[in-house]
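Okay, so here's the structure we're looking at.
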Amino acid sequence: MAVKILFVDDHPSQIFGYKTILTYNHQNAAIEAAEYYNCKEAFEHISQAGSSQYDVVFLDRSMPAYEEAGIFTGEDLALLVKKQLPEAKIVILTSHAESFIIYDIVKKVSPNGLLIKSDFGGEELLEAFEMVLKGETYYSETVSKAIKELLSREDYLDTINRQIIILISKGFKTKSIANEVNLTESAVEKRKAKIKDYFCIDKGNDEDIIREAKKLGFI
């Protein structure tokens, strides 16, 4: 039995390491792999690939973008995989441990596997690989904690509030934020007040919101 895998990561040495580890799978399955190192090459390949070509697709989240096609991250490629390779299992690997990023990946893509690169070693990668092949879902420890944390606070930290916090962290002011999230300025201020309430900020400003969000690992 051979398992056909597509790797997309801008670090060839990491792909080599993943392939080496996966050859030690407990099913003794042969690994047949293809690899690409940026969003453009991967987009062109996936767009032309047949629906049964790959069993598993491993995607790095952060790679050189293909702006002309609207492909900026591994998440965007994952959505393309779902369309072009519907039978393939998707595993996203990322260095980003921020809760908002993790949560948004799960909400947007719902991958079969999601692992933080600093979380796992060889044994865990093998475990994730074998569970995904069986049709199960595998999230590494940091991912599971982030999802549990944010699910319990969705009323406060819904999609728009998370976006507002991220925009504040990038230096956006209320007027610009309102344009970005398609709300009135007063609606943005009300949401800021709700965010401050969640963070237990009494009379703070935007800097206090960012400080607390960073302290909790949200951004």
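Between L133 and T159, the contour length at 0.36 nm per residue exceeds the alpha carbon distance by 6.3 nm. Relative to the 2.2 N^0.38 Å rule of thumb, the chain has a C-alpha radius of gyration ratio of 1.14. Shown is the FRET efficiency for S62 and N28, computed with R0 = 22 Å from the Cβ-Cβ distance and rounded to the nearest 0.05: 0.10.
Most simply put, the chain has about 5% antiparallel DSSP beta bridges, counting only bridges with both residues inside it. The angle between the Cα long axis of helix 39-48 and the longest principal axis of the Cα atoms of the chain comes to about 60 degrees, rounded to the nearest 10. With contacts taken as Cα pairs under 8 Å and at least 6 residues apart, the chain reaches a relative contact order of 15 percent.
Candidate cross-link partners of K117 among the aspartates and glutamates, defined by an alpha-carbon separation under 13 Å and a same-chain spacing of 8 or more, comprise D9, D60, E98, E141. Our helix-only sum for the chain, with -39,500 (n - 2.57) per DSSP H run of n ≥ 4 divided by its residues, gives a mean residue ellipticity at 222 nm of -15000 deg cm²/dmol. Magnitude of the charge dipole for the chain, about its Cα centre and with charges confined to Cβ atoms of Lys, Arg (+1) and Asp, Glu (-1), is about 660 debye.
Angle of helix 141-151 to the longest C-alpha principal axis of the chain, folded into 0 to 90 degrees and rounded to 10: 40°. Which shape class applies to the stretch 121-196: rounded if a/c is under 1.5, otherwise prolate when a/b exceeds b/c and oblate if not, where a ≥ b ≥ c are the square roots of the Cα gyration tensor eigenvalues? In terms of gyration-tensor shape, prolate. Principal-axis analysis of the Cα atoms of the chain puts helix 12-22 at an angle of about 60° to the longest axis.
Annotation: lysines with alpha-carbon distance below 30 angstrom to K190 (same-chain offsets under eight excluded): K107, K108, K145, K148, K170, K173, K175, K203, K214, K215. Label reach from A2 (point 7 Å along Cα→C-beta): in the stretch 52-67, amide nitrogens under 15 Å belong to 52-56. Once both labels are positioned 7 Å from their Cα atoms along Cα-to-Cβ, the gap between R211 and T20 label points is 4.6 nm.
All of the numbers you see were taken from the coordinates with simple rules; none came from a lab. Since we're looking at a predicted model, the values are computed, not measured. All Cβ positions, glycine included, derive from the backbone under ideal geometry; neighbour counts span all protein chains shown.
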